[in-house]
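Colleague: Pasting a structure here, questions to come.
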Amino acid sequence: MNLNKKLFVVGIIGSVLCFAGDMLLGCFTPTKEFGNSRIFPPFSDDWANSSPYRFVIGGLFGVIALLLMFCGFYAIYREMIAKKCKYSKLFIICAFVFVSVGTLYHCVFAMTAYIYNRLYTLQVLESKLIAEQLFFVFIAVASLAAVAFAGLSVYLFFMTITGKFNNERWLSIFNPLLIMLVLIILSKILPANKVVNGVFAWGQQSIALFITFMMFLICSIRNNHG
């Protein structure tokens, strides 16, 4: 197995681990209310009655997973270099920003969820509001990860749709941003419950990257005959 295939496998493992972390942090009853901003909903009331270690483990999974998923991005970048794709450095820069800022986001999110849980246990009034306000301070920074993710996805789409990857244009269908859009639509259509909220609302990005890395691995195996 050559280096790129190994990197894709590591990226796939990272996406699975990230999904596990997403389930620990987001597999709760959804709420239609909003906190101190219309950008994101408030923390679920279920978080107050959960084990605080659930958030610690979920946060650790997310941090480790993002580092592993960078290997998948790096494998795609190596493919781009081999295919002499123009501006390929833009892709790896966006991937680096996404992973680094995403790591910070997972840490802050897990910590604020933990703080909410512990304050509620100590019967501190307005414990949810305190945690939400702390989290809101970092939401602007977290938006950089979303911008970087969109940037690398759009660039990857144009590289695949124009046949840069051995004329395998079908890869453009498995673009992470497109997959996420489909999952977002499904989250709105399917009945609201803990499982749907966890899988389609929280785990959409890890699922999208799992599919993308898997398809690129399959393409790599096909083109190199294993």
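Colleague: Between Leu122, Leu144, Leu66, which gets the highest mean-square fluctuation from a Gaussian network model of the chain, Cα cutoff 10 Å?
Modeller: Leu122
Colleague: Report, by chain and number, residues whose modeled amide H sits under 5 Å from the one on Phe165, excluding near sequence neighbours (fewer than 5 apart, same chain).
Modeller: Long-range HN contacts for Phe165: none found.
Colleague: Dividing the alpha-carbon radius of gyration of the chain by 2.2 N^0.38 Å (N being the number of residues), what value is obtained? Kindly include the intermediate steps, with their values, before the conclusion.
Modeller: Working: Rg = 18.6 Å, N = 226, 2.2 N^0.38 = 17.3 Å.
So the Cα radius of gyration is 1.08 times the expected 2.2 N^0.38 Å.
Colleague: Still on this model: What is the diffusion coefficient of region 137-226 in µm²/s, taking the Kirkwood radius over Cα pairs and the Stokes-Einstein relation at 10 °C with a viscosity of 1.306 mPa s? Intermediate values should be presented prior to the final figure.
Modeller: Working: Rh = 14.5 Å.
It comes out at roughly 110 µm²/s.
Colleague: Which whole DSSP H helices in the chain pass both tests: a Cα extent of 24 Å or more along the axis and a mean Kyte-Doolittle value no lower than 1.6? Mind showing how you got there, number by number?
Modeller: Working: long enough: 3-26 (34 Å, 1.47); 52-82 (46 Å, 1.45); 88-121 (50 Å, 1.20); 127-161 (49 Å, 1.85); 204-224 (30 Å, 1.01).
Passing helices, by number: 127-161.
Colleague: If amide H atoms are built 1.01 Å from N in the plane of the peptide, which residues on other chains or at least 5 residues away come under 5 Å of the amide H of Phe28?
Modeller: Those lying under 5 Å, H to H, from Phe28 are Gly198.
Colleague: Moving on to the next point. Ignoring ligands, DNA and RNA, please state the percent of accessible area on region 63-184 from carbon and sulfur, probe 1.4 Å.
Modeller: On the way: 4630 of 6220 Å².
Using a 1.4 Å probe with all protein chains present, region 63-184 comes out at 74 percent carbon and sulfur.
Colleague: Listed here are the pairs Lys5/Lys83; Lys164/Lys188; Lys89/Lys188; Lys6/Lys164; which of them are more than 28 Å apart at the Cα? Intermediate results must be reported in sequence, preceding the final value.
Modeller: Values: Lys5/Lys83 16 Å; Lys164/Lys188 35 Å; Lys89/Lys188 36 Å; Lys6/Lys164 21 Å.
Those over the limit are Lys164/Lys188; Lys89/Lys188.
Colleague: Let me make sure I get this right: for region 46-177, a, b and c are the square roots of the gyration tensor eigenvalues over alpha carbons, sorted descending. Under 1.5 in a/c it's rounded, otherwise prolate if a/b > b/c, else oblate. Which is it? Please report the intermediate quantities before stating the final value.
Modeller: Numbers: a/c = 3.37, a/b = 2.91, b/c = 1.16.
Prolate, since a/c reaches 1.5 and a/b exceeds b/c.
Colleague: Using Cα positions and a limit of under 23 Å, work out the lysines in reach of Lys194, with same-chain residues fewer than 8 apart set aside.
Modeller: Lys32, Lys128
Colleague: Keeping every protein chain present and rolling a 1.4 Å probe, give me the accessible area per residue for the chain in Å². All intermediate terms of the calculation are to be shown ahead of the outcome.
Modeller: On the way: 11530 Å² over 226 residues.
It amounts to 51 Å² per residue over the chain.
The values are calculated or read from the model by the stated rules, or taken from the named source; none is laboratory data. Remember, predicted model here, so these are calculated numbers, not experimental data. Keep in mind that these areas ignore ligands, DNA and RNA; they rest on the heavy atoms of the full protein, side chains included. Shrake-Rupley method; radii C 1.70, N 1.55, O 1.52, S 1.80 Å.
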